[in-house]
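Have a look at the structure below, then the notes.
What follows is calculated from the coordinates using simple rules that are stated; it is not laboratory data. Since we're looking at a predicted model, the values are computed, not measured. Don't worry about glycine lacking a Cβ; one is built from the backbone with ideal geometry, like all the others, and counts go over all protein chains shown.
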Amino acid sequence: MYGKVTSACLHGVEGRLIEVEVDLSNGLPQMNIVGLPDSAVKESIERVRAAVKNCGFTFPLQRITVNLAPADIRKEGAAFDLAIALGILATSGQLEPEALERSLLIGELALDGSIRPVPGVLSMIESAVKRGIRRVIVPRDNAEEAGWIQGCEVVPASHLAEWNLRLTADTDGGRQALAPALAQAASLQADAQADDYADVCGQQHVKRALMVSAAGMHNILLIGPPGTGKTMLAKRLPTIMPPMNEQESLDVTKIYSASGKFADRRQLVRERPFRTPHHTISAAGLVGGGGVPKPGEISLAHRGVLFLDELPEFTRTVLEVLRQPMEERWVTIGRAKAVYRFPAHFLLAASMNPCPCGYWGADTGDGNDACFCSPLKLAQYRSKISGPLLDRIDLHVEVPRVPFEQLAGLEKPMSSSEMRERVEQAHLTQKRRFQGTGILFNSELSGRRLREYGRLQRDASALLERSFTLLGLSVRSYDRIIKVARTIADLEGSDEVNAHHVAEALQYRSLDKKQKPQSLSR
């Protein structure tokens, strides 16, 4: 006897449909699973056997062969348990096979027949809907998550013992029962952030640079002595970024679901991610990896912010792996049996001290230099960050010590709400400009589109031409200055990129100067 049902697995962060074929034949009672299963899939034999018996069904005393097709794709996890169990019951005549046709079955079985949630449901169902499947049966704890994908009927399941009733009953109410919760989840917006730029005294020019960064999704590096507020400023960057649109939220939620870090399954991820890995992180932890690769920190920061505090403390090997994802916005990891791609469209925010002791360029208050680092130590410290990596960071902003009058609150600090209002307006401008192109932000411009949308006025072009030679800019830096200038113009509501927009963009490229580090700030 032969039967077939449909399940799914994860391939990176994307879903892949898997056909679960079941064959019952005469022979010694045994069960085998083929099709490149991992240990968790092989162990489903015992879970399925116990769950079937404990739910009042009869486990066939025959030779059972389960094939997971395509057979050349590695299968992992416990999401096949439910499909294997129902496939065996349908093939042995204990369930109606027609009730499982054109349905996707996902779920892990407990020994008593309870159906447990699994990670990656969002990606699996999205893939199934694209292939024409309109009915999905998932664990009840995954039901709301599954309901975010439009175009399918979601049937929540709690226990294998209820299956006879469930498959013969009208299940149209499954999706309808979820509708109020789904509508509520879709309407939820990110809660107001506790952090606010109003907490930061002074540093108005740094706030301006962060506003430019958020408006165009430009990478930014903050450089300054300890205690000047670099980390405090960077951690408040998400408070001025608008909430993600529906597609962005869905993409980010898929990543968190696939990586098993999606704790709250009741609503989509609405807040832009903010990831702060420690400087001891490995290259695999940052970009993703493992025997079966999983998303790394840069993928978990997709459509959000990746903050690297104390940038030179990261190993050079780890920092260099950022170069390709920052350009292509994808991470490609090759293995002997497959190639995995993870999305990595993030805003890089980083901070660093100007020297090993942290006080280069500062004074003790009596006119003396507070730094005692030798030129050799200074050069070694800054050499940890390569030129190609700095090239990919759009804004290099110095964060000096705050004067007392600003610290005493004599000046009114700029708040996050004021900054966010201007950032949102710039985002709307870019949305209208790039409609139908697949581009969302100025930082994504390149090639022909950069020349089209980043066209400079004559005086702006002349200024950039002179700066290109004087500062020894690379072609990549040249393009990034144009992108930043375009964003500055958007913040001012200007359709044209003028000389003062380019001049401000050039001020944010302090580390591109030809001079040696000793002459940059003194």
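Observations, loosely collected:
- In this entry, the range 197-436 is assigned a mean projected area of 15.6 nm², taken as a quarter of its C-alpha convex hull surface.
- Rotationally averaged projected area of the range 2-186 (alpha carbon convex hull; nm²): 9.7 nm²
- Distances between every pair of Cα atoms in the chain, grouped in 10 Å steps from 0 to the bin holding the largest one, split as 4, 17, 23, 20, 14, 11, 7, 3, 0, 0 percent.
- Amide N proximity, the range 137-162 versus LEU111 label position 7 Å along Cα-to-Cβ, cut-off under 19 Å: 159-161
- Length released on extending from LEU28 to GLU452, taking residue separation times 0.36 nm less the Cα-Cα span: 145.5 nm
- Candidate lysines for bridging to LYS4, where Cα separation is under 19 Å - those fewer than 8 sequence places away on the same chain excluded: LYS42, LYS75
- Computed on the Cα trace of the range 399-498, the radius of gyration divided by the Kirkwood hydrodynamic radius gives Rg/Rh = 1.07.
- Proximal lysines to LYS412, defined as alpha-carbon separation beneath 17 angstrom and excluding residues fewer than eight positions away on the same chain: LYS207
- Amide H contacts under 5 Å for MET31, placed H, 5+ residues apart: ILE64
- The chain - share of DSSP beta bridges that are antiparallel (%, nearest 5): 45 percent
- FRET efficiency for the GLU98 to ILE73 pair, using the beta carbon distance and R₀ = 25 Å, is estimated at 0.35.
- Degrees between helix 246-258 axis and first principal axis of the chain (Cα, 0 to 90, nearest 10): 60 degrees
- Look at TYR478, TYR2, TYR508 and count the other Cβ atoms within 10 Å of each Cβ; fewest to most, that gives TYR2, TYR478, TYR508.
- Per-residue ³J(HN,Hα) for the range 328-333, Karplus 6.51 cos²θ - 1.76 cosθ + 1.60, θ = phi - 60°, Hz, x for Gly and Pro: 8, 6, 9, 10, 10, 10
- In degrees, nearest ten, helix 44-54 long axis to first principal axis of the chain (Cα): 50 degrees
- Student exercise, the chain dipole from Lys, Arg, Asp, Glu Cβ charges, in Debye to nearest 20: 1280 debye
- Relative exposure of PHE314, PHE274, judged by other C-beta atoms within 10 Å (fewest first): PHE274, PHE314
- Taking other C-beta atoms within 10 Å as the exposure proxy, GLU21, GLU424, GLU98 rank GLU98, GLU424, GLU21 from fewest upward.
- Cα-Cα P(r), the range 1-102, percent of pairs per 5 Å interval: 2, 13, 26, 26, 19, 10, 3, 1, 0
- Stretch gain in nm, segment VAL475-THR437, where the contour uses 0.36 nm per residue and the Cα spacing is subtracted: 11.3 nm
- Each residue of the range 62-149 gets 117 Å³ once the volume of the Cα convex hull is shared out per residue.
- Between helix 204-216 and the chain: long-axis angle, C-alpha atoms, 0 to 90°, nearest 10: 40 degrees
- Packing order of peptides 133-140, 63-70, 120-127, highest average first: 120-127, 133-140, 63-70 (average count of other Cβ atoms within 10 Å over each peptide's residues).
- MRE, 222 nm, helices only [DSSP H, n ≥ 4, -39500 (n - 2.57), over the chain, to nearest 500]: -10500 deg cm²/dmol
- Candidate aspartates and glutamates - alpha carbon under 16 Å from LYS337, same-chain residues fewer than 8 apart omitted: ASP38, ASP72, GLU76
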